[in-house]
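Okay, structure first, notes after.
The values are calculated or read from the model by the stated rules, or taken from the named source; none is laboratory data. Predicted model, so just to flag it, every value in this text is computed and none were measured. Please note: Cβ atoms are built from the backbone with ideal geometry, for glycine as well, and neighbour counts cover all protein chains shown. Ligands, DNA and RNA are stripped out before the accessible areas are found, and what is left, the full protein with its side chains, is counted by its heavy atoms. Shrake-Rupley method; radii C 1.70, N 1.55, O 1.52, S 1.80 Å.
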Amino acid sequence: MTQIRTLSPVSIPYRILQRSGSIAFALIFVLSGQGGALPELPVIGVVDSTFIGAIAVAIVLIFVGYETAYVRRFQYKLTTDSLDIDSGVLSRRNREIPLRRIQNVDISRNIIQRGLNIAVVSFETAGGESTEATLRFVSAEEAKRLQREVGRRKHDKSDTRTSETVDSSEDDQTGNKDETSGGSPDRTVNELFVLDDGELALVGFFSIDLRVPGLLVAGLSTLGPILTGLVPAASPLRSLLTVIGGPSVLTGGVNALLGLLPVLIGVVVLSWLVGAASAVTSYYGFRLTETRGELRYERGLFQRYDGSIPFEKIQTLTVEDDPLKRYFGYATLYVETAGYAPGQSGSGGRGSEVAVPLAQRDRIDELIKRIEPVDTIELRRPPKRARRRYLVRAGLIVGAVIIGLYTISTVMSITFPWWVAIGLLPVGGIIAIALWRHRGHWISEDYFVTRNGVFTRETRIVPLYRIQTVIDTRTVFQRRLGLATIIADTAGSRSLGGSDAQAVDISAQRATTLRTELETRLQRAIHVRKDRLGSMSTTGVSSSKSSSDTVANNKDTIVTTESDNDGSKSQVTDTDDNSTTHDNDQPADNHNHNDNYGGDDDGTEETRRSENETNDISNPESGSTEESE
């Protein structure tokens, strides 16, 4: 029988202490606003301290009574297929959340909560912009039980769908234990990744908080006039405050700018220290494990997170690096799920959870293969005319900067070395070429992979059966050069912010071919998975990874394709058209793969890659070839 449970009794005093601070602050503010005199009310008149004390006691009693009633009347129960929550004091609210919709179960505990042995449990669902349900607060043991039981029951439901009969001994082990005993423990827990102290130090080393300069500028903009009079005239900070207050520092020419250099260096160092401290405290004790159809992670020093990521809810894998990480051979792996990101509720999270904060590239590749069996990848660069486009765009940007600085120097009669900006031209050219080199895409029978970015480069791996919409977009400037962008939209929460997998600035001919291939191979991948599950159901065989990768979310899948050229949208239908056409895209990386896309800008056939020209996904710089226009 399903047992109805309530919040932990310890949560009553903790919730009272949490909210008492705001009430105390309000009373102090009211009293301090009277200049030390007793307040005067419109009807009652001047009130004495006894009356104020009585009001304070009444407020406290009402507050304590409300929090006690809220905790006592908060009830929940975990059934075989749903989580039922009944809450509210004056207005009751009943919620029934199907277990199949729950994407992540996240446990968070700060230092005080760990001392009191209580925790916050958050349930994230698909498509939610915030946490679907939160239990504040339950015991740490109950939190782990809920996390374990939700994963187990969802897994058992998956087993039921893929097999008509379940072995009786298996049922005795996982399905018939009383809930009051805390549920059955996980049968197997495989440790995938542990962040050691050295790697944790590197996480801090590679981190910088870019919000610090903005906060400093905002603060100095407000307090600058006040602080200017307090800072000695010879201090470099005085020059910085003058810059915030107006353009007078420009009249000092190069000497004034050199005086700002120590301040700018200090801002960079402060940003790095803040970013390093934030990263170290966030990923302290990071541990990633695999158990019955899901990933589980633990991380955090002051705020400890313990969350789960079901395999069947994973939408996209993202490998992220920057020039510094690439130089030392490191990268970060993110796992994106459908729905809100675990552990990032209300914090402006990126919509995905870190699977590996920082690791060598070979370890990243090994973990990717454990999550999704994608092996060798052959990324194809955009055609060379896209590179020319980037060079022209960089030149226009630098030219605009030069003209703007020259105009300021001439019109405002300010002695300023505007010509220094000419040195940005080669820098812009280098960035433009790097942007072209780092872009690429690849499609196989099961995956669509894209790579974009220079300073923050992202390689996104999307299983084809997760794609919901294929978008073909072509701007005015792209159409002039015969270029296009193909976007593969998924149900991942990052997709809401436009962070989909994108094959940017590929040739228009290649875009048409890629769009057709995505549609065709998507349907093929879905049918293969359905046939595989049907075979499993016939033989009565179920495995952890196979059952967790069910196509429950892809039943009767209707995938739409869009085009920004004519505004058309069409549904994808089954097709046997496997033909491909040659285009002028350039292979950025050489890997062992049977697909032979070909062609240069003149339509000539691409030469076949040698079988020994292989390369790793996270180190795609070597082995690239170029095509002539």
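Would you work out the charge dipole size for segment 384-535 about its Cα centre, treating the Cβ of every Lys and Arg as +1 and the Cβ of every Asp and Glu as -1, and quote it to the nearest 20 debye?
Once rounded to the nearest 20, the dipole reads 340 debye.
In sequence order, what are the phi-derived ³J(HN,Hα) couplings for segment 267-282 according to the Karplus relation 6.51 cos²θ - 1.76 cosθ + 1.60 with θ = phi - 60°, rounded to whole Hz, with x for glycine and proline?
3J(HN,Hα) across segment 267-282, in whole Hz: 5, 4, 5, 4, 4, 5, 5, 5, x, 5, 5, 5, 5, 5, 5, 6.
Can you flag which of 144/313; 154/530; 325/369; 325/384; 154/325 are past 30 Å Cα-Cα?
In this structure, 154/325 exceed 30 Å between Cα atoms.
Mind ranking 95-103, 373-381 by how tightly packed they are, going by the mean number of other C-beta atoms within 10 angstrom, highest first?
Highest mean packing first, the order is 373-381, 95-103.
Any chance you could look up the accessible area of residue 116 with a 1.4 Å probe, heavy atoms only, rounded to 10 Å²?
That residue has around 70 Å² of solvent-accessible surface.
Quick check: with the 1.4 Å probe, what order do 74, 328, 455 take by accessible area, largest first?
Reading off the accessible areas and sorting them downward yields 455, 328, 74.
Taking a probe of 1.4 Å, how large is the accessible area per residue of segment 384-535, in Å²?
Normalised by residue count, the accessible surface of segment 384-535 is 43 Å².
Where does each of 66, 283, 14, 327 land when they are ordered by accessible area, with a 1.4 Å probe and the largest first?
327, 66, 283, 14
What number comes out for the charge environment of residue 374, summing +1 per Lys or Arg and -1 per Asp or Glu over other residues with Cβ under 10 Å away?
-3
Would you kindly find the accessible area of residue 438, with a 1.4 Å probe and non-protein molecules such as ligands, DNA and RNA excluded, rounding to the nearest 10 Å²?
Approximately 20 Å² of residue 438 is accessible to the 1.4 Å probe.
Starting from the Cα gyration tensor of segment 384-535, take the square roots of the eigenvalues, sort them a ≥ b ≥ c, and report rounded, prolate or oblate (rounded when a/c is under 1.5, otherwise prolate if a/b is larger than b/c, else oblate).
Prolate, since a/c reaches 1.5 and a/b exceeds b/c.
Between segment 52-123 and segment 277-322, what is the separation of their alpha carbon centroids in Å?
Cα centroid to Cα centroid, the span is 25 Å.
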